[in-house]
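Peer 1: First, the structure itself, so that you have it in front of you.
The values are calculated or read from the model by the stated rules, or taken from the named source; none is laboratory data. Please read these numbers as outputs of a predicted model, since none were measured by experiment. In this analysis, Cβ positions are derived from the backbone assuming ideal geometry, glycine residues included, and neighbour counts consider all displayed protein chains. Please note that ligands, DNA and RNA were not included when accessible areas were found on the heavy atoms of the full protein model with its side chains. Shrake-Rupley method; radii C 1.70, N 1.55, O 1.52, S 1.80 Å.
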Amino acid sequence: MNGGRGASARIVVLALLWGSGFLWIKLALTGLSPVHLTLVRCALGALTLLVMAVAARQRLPRNRGTWGRLIIAAFFCNALPFALFGIGERTVDSGVAGVMNATTPLWSLLIGVALGTERRLNPARLLGLALGFAGIVVIFAPWQQSGLLSTGALALLGAGLSYAIAFAYMARKLPADGAPLALSAAQLMTATALTALALPVASTAPHLTLTAVVAVTILGVFGTGITFYLNYRLIADEGPTAAATVGYLLPVVSVALGALFLGEPLTPRVLGGMAVVLVAVGLTRWQPQTRANCPASSAGGLATPK
């Protein structure tokens, strides 16, 4: 009984920390460009995880092959999507950004279908794929003059696609060597270096405000570094199903926080679209029960900002 309450508490805390990331992005953009925001976020996340890795006596990768693969993983899982979320939230509500983050499993399934690697298709999963993108259309309503379709909206969709590409690559190319803290610290260090290369093309110089500094600090340390550790512990202690539950709460948290603290409107269109997307993601994860069914195949859940 206490174990169940403990797991629920962890899920709630993790969902709040990760789901609030979109709020912190919005606030950080008051003084930072998307490129500067990404740079500081990656650097703080890397530092946080590096401290944890040292405390856990985990060492950074030592072979060039792993570092070479980390360049690709860091680009698609961190540098690019973090920047795209920053670009998107310049014009799109933070709550909508959280909903778009939840579309990553849809992109993952679509990529698998296109590449021919997804062989566990069934009518429910195909229906989920169609419903998911229908939900996106409902949210952005391109047929309305007041619709949300814009460059920012496309950037948010691109971020979800980037996560899907990253997760497909990382599952095949990065080693599961028992040092997740060190490997993730190395990945964020690489993302920091990649983002630094983009500084010359940053559209605006940083205009530091207290709000921006506090927001990006919380985002980097807690929303990027600490959340990885909490998610890792949740999977290790409670299993992948509990961790997957967090993904379904992220859009709800982001929409609620955006409405409470930023005054973002809770329109029926956005709420309805969010519900459709979450139902669709649930359908895409559905698998018929078989005798050889393995609970570990459910690992991953909804994609979350790393």
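Let's see how each residue does on (1) crowded, with 21+ Cβ neighbours inside 10 Å; (2) under 21 Å from Lys173 (Cα atoms):
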{"residue": "Gly21", "(1), (2)": "yes, no"}
{"residue": "Gly31", "(1), (2)": "no, no"}
{"residue": "Leu50", "(1), (2)": "no, no"}
{"residue": "Leu60", "(1), (2)": "no, yes"}
{"residue": "Arg69", "(1), (2)": "no, yes"}
{"residue": "Leu80", "(1), (2)": "yes, yes"}
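Peer 1: Output the number of the condition that Ala182 fails; it satisfies all remaining conditions of (1) within 19 Å of the chain's Cα centre (by Cα); (2) buried (at least 17 other Cβ atoms within 10 Å of the Cβ).
Peer 2: Single failed check for Ala182: (1).
Peer 1: Follow-up question, since we're still on this one. What single numbered condition from (1) open to solvent by 10 Å² or more (accessible area, probe 1.4 Å); (2) under 16 Å from Leu109 (Cα atoms) fails to hold for Pro206?
Peer 2: All conditions are met except number (2).
Peer 1: Right, something else. How about the stretch 258-274: which of its residues are in contact (Cβ under 8 Å) with a residue 12 or more places away in the chain and either basic (Lys, Arg) or not in a loop (DSSP other than H, G, I, E, B) (or both)?
Peer 2: Within the stretch 258-274, Gly258, Ala259, Phe261, Leu262, Arg269, Val270, Leu271, Gly272, Gly273, Met274 meet the criteria.
Peer 1: Another question, then. Quick one: Thr103 ticks every box in (1) polar (S, T, N, Q); (2) crowded, with 24+ Cβ neighbours inside 10 Å; (3) more than 21 Å from Val201 (Cα to Cα); (4) at pLDDT 95 or above except a single one, so which number is it?
Peer 2: Answer for Thr103: the failing condition is (4).
Peer 1: With respect to the numbered conditions (1) open to solvent by 70 Å² or more (accessible area, probe 1.4 Å); (2) part of a loop (DSSP other than H, G, I, E, B); (3) not aromatic (Phe, Trp, Tyr), which one is the sole condition not fulfilled by Ala171?
Peer 2: (2)
Peer 1: Being of a type outside the set (Ser, Thr, Tyr), closer than 21 Å to Ala79 by Cα and either buried (at least 18 other Cβ atoms within 10 Å of the Cβ) or modelled with pLDDT under 90 (or both) is the requirement here; does Gly220 meet it? Steps first, please.
Peer 2: Numbers: of a type outside the set (Ser, Thr, Tyr): yes; closer than 21 Å to Ala79 by Cα: yes; either buried (at least 18 other Cβ atoms within 10 Å of the Cβ) or modelled with pLDDT under 90 (or both): yes.
Against the criterion (of a type outside the set (Ser, Thr, Tyr), closer than 21 Å to Ala79 by Cα and either buried (at least 18 other Cβ atoms within 10 Å of the Cβ) or modelled with pLDDT under 90 (or both)), Gly220 qualifies.
Peer 1: Considering only residues that are modelled with pLDDT of 75 or more and among the hydroxyl-bearing types (Ser, Thr, Tyr), which ones fall in the stretch 135-154?
Peer 2: Ser150, Thr151, listed by residue number.
Peer 1: Would you check if there is a residue in the stretch 257-269 being aliphatic (A, V, I, L, M) and crowded, with 21+ Cβ neighbours inside 10 Å?
Peer 2: Yes; the residues of the stretch 257-269 include at least one that is aliphatic (A, V, I, L, M) and crowded, with 21+ Cβ neighbours inside 10 Å.
Peer 1: Then there is this: Criterion first (free of Cβ contacts under 8 Å to residues at least 24 places away in the same chain, surrounded by fewer than 24 Cβ atoms within 10 Å (Cβ to Cβ) and of a type outside the set (A, V, I, L, M)) does Arg64 satisfy it? Show your work before the answer.
Peer 2: Working: free of Cβ contacts under 8 Å to residues at least 24 places away in the same chain: yes; surrounded by fewer than 24 Cβ atoms within 10 Å (Cβ to Cβ): yes; of a type outside the set (A, V, I, L, M): yes.
Yes; evaluated as a whole, the condition is true for this residue.
Peer 1: While we're looking at this one, here's another question. Any chance you could count how many residues in the stretch 194-244 are of a type in the set (Gly, Ala, Ser), under 24 Å from Leu183 (Cβ atoms) and touching a residue at least 40 places away in the same chain (Cβ under 8 Å)?
Peer 2: Residues of the stretch 194-244 of a type in the set (Gly, Ala, Ser): 196, 198, 202-203, 205, 212, 215, 220, 223, 225, 236, 239, 242-244.
With the extra rule that they be under 24 Å from Leu183 (Cβ atoms), the set shrinks to 196, 198, 220, 223, 225, 236, 239, 242-244.
Filter once more, so that each one left must be touching a residue at least 40 places away in the same chain (Cβ under 8 Å): 196, 198, 220, 223, 225, 239, 242-244.
The qualifying residues number 9.
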